[in-house]
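The values are calculated or read from the model by the stated rules, or taken from the named source; none is laboratory data. All figures in this text were calculated on a predicted structure; none of them were measured in a lab. Glycine gets a Cβ as well: all are built from the backbone with ideal geometry, and neighbour counts include every protein chain shown. In case anyone asks, the SASA skips ligands and DNA or RNA and just uses the protein heavy atoms, side chains included. Shrake-Rupley method; radii C 1.70, N 1.55, O 1.52, S 1.80 Å.
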Amino acid sequence: MNVIYPLAVPKGRKLRCEVCEAPAERMCTACTVTYYCGVVHQRADWDSIHEKICQLLIPLRTTMPFYNSEEERQHGLQQLQQRQKHLIEFCYTVAQKYLFEGKYAEAVPAALHSLRFRMNMHGLSSVELVPAYLLLSEASLGLGRIIQAEEYLSQAQWTVLKSTDCSHATYSLLHRNLGLLYVAKGNCEEARYHLANDIYFASSAFGTDDVRTSGGYFQLANVFQSLNKLDVADTLYTKVTDIWHNYLNSHYQALLQSRLQQVDLLGKQLENDTGLDEAQEAEAIQILTSILNFQQVTSNKAPGKIVFVLKTLVMLHFLMMNYSKAEECAMRAFSIAREQLSVQEQNDIEELLNLISAEDSHSR
């Protein structure tokens, strides 16, 4: 049974739901340190993040053991901080991945965990809380809860205003989410202002042609598309595709070079690698798929643009070792190239198909 018996709870201790902070009536029997108001929130948390971190919560939420020396105590505290840092980043990445996949409800519990771990580690007014507030704002927008999104954004803005050491990367995220808020409210002028600021701060932090800057260009292109300014949208979408193509191609070429050498310095077979975390991979798939859909509708007279996006997706899926998806995109690109593009373009895609087939056979 995972129902909490009130008499078993120490006097004066109030147990709160992990998801909504209402009085708790249920407990996770696997970790015994996480509580819920009912089965609905327990299931939501489990499906979102709790299954992945259940056992990791135990040392964080139980009393620290007695140590024989100050040195042991300090070592224990350092381990505890490392666990907190790991959970902050892990929960944040999981929540981001859900957002890029359009799973907004699933993103909420993971983002809440990231926020609470940040509060425990950095305090209630630290700028380190801002990324988690922005995740919760974006999830709220996805769920159509604009007022709730505004509340999270207000908290993020207030925290940034009080901070004296806010990074350009954080300002970029803040302006991107403000842009998304105004898109949801139908105020395209304000949306463009904030997304332009997003691009400025991201460029200052990472460079104009970094994949972390591409999200701002992409969201700005979406605004111009909604205004039916398709030429401007197309220019920005092309910029985004170029950024991702150049990034992925550099990893793809490095992989091919490594394949020629067969093994790395340790003598182990090299594996494919995008250089991205799971959230960034999900973002790349979401962005490039959206651009592909746009190009398919608007670029009937420019099939080369469609093929270019497809080839970028091929490299992405290939580096992610998702060979069936890579082959599917390559076959679509080859079909278009065979009918409308040069023989050289056909040969390039055919080489990709041969490599995908070889890698797929080797991995089985």
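Provide the per residue accessible area, probe 1.4 Å, for the chain, rounded to a whole number of square angstrom. Could the numbers behind the result be given before it?
Numbers: 19380 Å² over 364 residues.
With all protein chains present, the chain gives 53 Å² per residue.
Which whole number in µm²/s is D for segment 98-167 by Stokes-Einstein, with the Kirkwood Rh taken over Cα pairs at 10 °C and 1.306 mPa s?
Details: Rh = 12.2 Å.
In µm²/s, the coefficient is 131.
Which value, in nm² and rounded to one decimal, describes the direction-averaged projected area of the C-alpha convex hull of segment 308-349? Can you show the working numbers first?
Details: hull surface 10.0 nm².
So the mean shadow area of the Cα hull is 2.5 nm².
Quick one: compute a quarter of the convex hull surface over the Cα atoms of segment 1-154 and quote it in nm². Each step should come with its number before you reach the end.
Details: hull surface 41.5 nm².
Average projection, Cα convex hull of segment 1-154: 10.4 nm².
Could you give the length gained on full extension between residue 335 and residue 277, defined as 0.36 nm per residue of separation minus the Cα-Cα distance, in nm? If you can, show how the numbers build up before the last one.
Values: separation 58, 0.36 × 58 = 20.88 nm, distance 3.16 nm.
Full extension from residue 335 to residue 277 adds 17.7 nm.
Separation between the residue 185 and residue 235 pseudo-spin-labels, each 7 Å from Cα along Cα→Cβ, expressed in nm?
It works out to 2.8 nm between the two label points.
Identify the residues of segment 16-48 with backbone N under 19 Å of a label point that sits 7 angstrom from the Cα of residue 86 along the Cα-to-Cβ direction, or state none.
Residues 31-34 qualify, since their backbone N sits under 19 Å from the label point.
Within segment 56-128, what whole-number % of the accessible surface is contributed by carbon and sulfur, with the 1.4 Å probe and all protein chains included in the calculation?
Details: 2150 of 4160 Å².
The nonpolar share, carbon plus sulfur, comes to 52 percent.
List residues of segment 292-323, by number, whose backbone nitrogen lies under 20 Å from a label position 7 Å along Cα→C-beta of residue 343.
Hits in segment 292-323 for residue 343 at 20 Å: 304.
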